[in-house]
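To keep things clear, I will list the structure first and then write my remarks on it.
Bear in mind that the values in this text are calculations on the coordinates, not laboratory data. Nothing here was measured: the structure is a model prediction, and the numbers come from that model. In this analysis, Cβ positions are derived from the backbone assuming ideal geometry, glycine residues included, and neighbour counts consider all displayed protein chains.
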Amino acid sequence: MKDFKGKLFVFSAPSGSGKTTIVRHLLQQERFNLAFSISATSREPRGFEKDGEDYYFISLRDFKNKIKEDAFLEWEEVYRDNFYGTLKTEVERIWSQKKHVIFDIDVVGGLRIKKKFPENTLSVFVKPPSVDELKIRLKKRSTESEDKINMRIAKASVELATAPQFDKIIKNYDLEVALKEAEALMSDYLGFNK
Ligand code: 5GP
């Protein structure tokens, strides 16, 4: 581990595509030596979410101050008044633990990370079967109001168009297959198959 060179794995997709499930699965695989990049957000925590685990939940005001301080590697107003961003300190924290960073972020943020670290980032787009299927998944999850679900669906079509800009695309039609595919991509990038 002396010559540890931290890598970044970006998983981006429209909300409801299953990317969070894939990222969680990969985090459990010790051989990949990953740590989750905890984003900061101005949105309210959902039911089981924990501050400092799922997100750093901060106020809109604090978020805007951090933008001014140039504390973010990337940030985005993903939905109106819901800001999300990766703090520069987050990547430093994880690399100092000699781990690779894995991100669960929106497509714009994902592409920005790739641009900032082109040499050591693998960007992966997780594709849902269809926009209709996304709607069903988001409704099943029932963590958001009808309005918010519609907002997410409207954004999904725009996001789907960015898929070709990513290094790899995983089709999440069947979760088991998608998980295996994600593992294979990771192994490849980390040079396990050489
Ligand atoms: P949710 O509210 O469902 O947790 O997340 C909404 C969207 O924001 C998801 O697509 C999620 O991946 C994205 N997101 C989470 N953290 C970040 C971040 O740090 N930066 C950006 N650009 N998007 C993020």
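Brief remarks on what is shown
- Furthest towards positive pole of dipole, Gln97, Ile38, Ser17, structure part the chain, Cβ charges: Gln97
- Distance between the 7 Å Cα→Cβ label points at Leu60 and Phe192: 4.4 nm.
- Rounded to 0.05, the FRET efficiency of the Asp147 and Glu53 pair, given R0 = 25 Å and the Cβ-Cβ distance, is 0.35.
- A simple charge model with +1 on the Cβ of Lys and Arg, -1 on the Cβ of Asp and Glu and nothing else charged puts the dipole of region 1-90 at about 240 debye relative to its Cα centre.
- Percent of Cα pairs in region 54-156 per distance bin of 5 Å, from zero to the largest separation: 2, 10, 18, 20, 19, 15, 11, 5, 0.
- Additional length obtainable on full extension of the chain from Val131 to Val108, 0.36 nm per residue less Cα span: 6.4 nm
- For region 53-114, the C-alpha radius of gyration sits at 1.12 times the compact-globule guess of 2.2 N^0.38 Å, with N the residue count.
- Here the chain is assigned +1 on the Cβ of each Lys and Arg and -1 on the Cβ of each Asp and Glu. Its dipole about the Cα centre then comes out at about 260 debye.
- When the Cα atoms of region 1-82 are aligned to their principal axes, the ranges along those axes come out at 40, 31, 22 Å in descending order.
- Computed extension length for Thr20-Leu175: 54.6 nm, one decimal, from 0.36 nm per residue of separation with the Cα-Cα distance subtracted.
- Kirkwood hydrodynamic radius over Cα pairs of region 8-189, then Stokes diffusion coefficient at 37 °C and 0.692 mPa s, in µm²/s: 196 µm²/s
- Here the simple spin-label model places points 7 Å from the Cα toward Cβ, and for Lys98 and Ala161 these points are separated by 4.6 nm.
- Converting phi to 3J(HN,Hα) with the Karplus coefficients 6.51, -1.76 and 1.60 and the offset θ = phi - 60°, region 70-78 yields 6, 7, 9, 6, 7, 8, 7, 8, 4 Hz in sequence order, with x at every glycine or proline.
- With 26 Å as the limit on Cα-Cα distance, the pairs of Lys50/Lys115; Lys116/Lys168; Lys88/Lys115; Lys68/Lys139; Lys68/Lys135 that go past it are Lys50/Lys115; Lys68/Lys139; Lys68/Lys135.
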